[in-house]
Amino acid sequence: MSEVSAWFREKVSRRGLLWGGLAAGGSAIAGTAAGQSVHSGHGAASAAGAVPPPAHLAAHGSMITVGDVDNERNGFDPSRMVTDWETGSVSTLPDGRILRTFEIEAVDKEIEIAPGIMFPAWTYNGRVPGPALRATEGEHLRIVFRNSGSHPHSMHFHGIHAARMDGVPGAGLISPGEEFVYEFDARPFGCHLYHCHALPLKRHIHKGMYGLFVIDPDPVRHVDLADVARSRLLGTPENAEWQEFAMVMNGFDTNFDNENEVYAVNTVAHAYMKRPIRIVRGRPVRIYLANVVEFDPINSFHLHANFFDYFEQGTTLTPTLRTVDLITQVQAQRGILEFTYKDHETGLYMFHPHQSEFTELGWTGMFDVVEAVA
Ligand SMILES: [Cu+2]
């Protein structure tokens, strides 16, 4: 068998496995791509006692999950998570600098990643991805980390810090029941991430131990581009003009065969297809995007009917890519996307990776561009 046909056979069987599993679990993925009509998708939803999908889903003929994930049981809701920044608590050090403290607890938790599909996750503060930590350049950070999970864990930050704060074995990797305090200054500014660095790394990351770590630029340190820096600094009037979203592209290997069966942004398959992210037409949009997908070498983000500027790792105040509608990210790669729909009609605009397989297995969403929020 040629390499190509072997690849195809493997992908098809993976798809078959997911569909079979979903059907057995009382859920289904409905859609045209699998030879099911959108109408029969409605039927499946009714049979499961679910509300029929909104008109926009039928209009797009999308292949998406049927039914709803129990956000309350999960303890997190992708629609809220997308704007939920964890800023910790703030105090002043004797030298006048800001001390920002975060409290993070590792806990084992079963989460629902698609309707009826449970995943035994390891989490930071009970959510996947973990809290989207946000600080300002130059602050002193203190992260109090407690391990209430069943395995050794750590927090390894992508940032600048001492070796003893690195979250690797011997430097902040702690056993269940232990506590460790990471301390370092917030630098460089940018869109970073943190993740567990216990071994086997692949397992600890894909179980759910990752999150965004955003450091806003301090405008005082960037006089030439102070306006840009202020627009990125949470809490300023300039920043309030922007519609900012936290997005972590992730995937889940539900049967432990080193392949993902479900893909998403912020964990729940197709969450933003069912509840599109609302954007006010006249205001600019900024996405803090990171890829943590395990097992697949690359992920991507494609925006429909529009182009954006991209800031690789967010560490510059001028774009590193201008006027693109697609970027790629390997694992741990991240960046900031900036765009606007101000000259567009209102309506539903899709975003998804350009690996079609990922879109069908959960990673696709919509922006609902509106005139104003009611
Ligand atoms: Cu871990």
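Just so it is clear, none of the values below were taken in a lab; they were calculated from the coordinates. Everything numeric in this text was worked out from a predicted model, so none of it was measured. Note that we place each Cβ from the backbone using ideal geometry, even for glycine, and neighbour counts take in every protein chain shown.
Beyond 30 Å in Cα-Cα separation lie the following of the pairs 109/274; 207/274; 207/342: 207/342.
Taking R0 as 56 Å, what FRET efficiency do you get between residue 348 and residue 148 from their Cβ-Cβ distance, rounded to the nearest 0.05? The pair residue 348/residue 148 has a calculated efficiency of 0.85. Does the range 163-210 classify as rounded, prolate or oblate by the C-alpha gyration tensor (a ≥ b ≥ c root eigenvalues; a/c under 1.5 gives rounded; else a/b over b/c gives prolate, otherwise oblate)? In terms of gyration-tensor shape, oblate.
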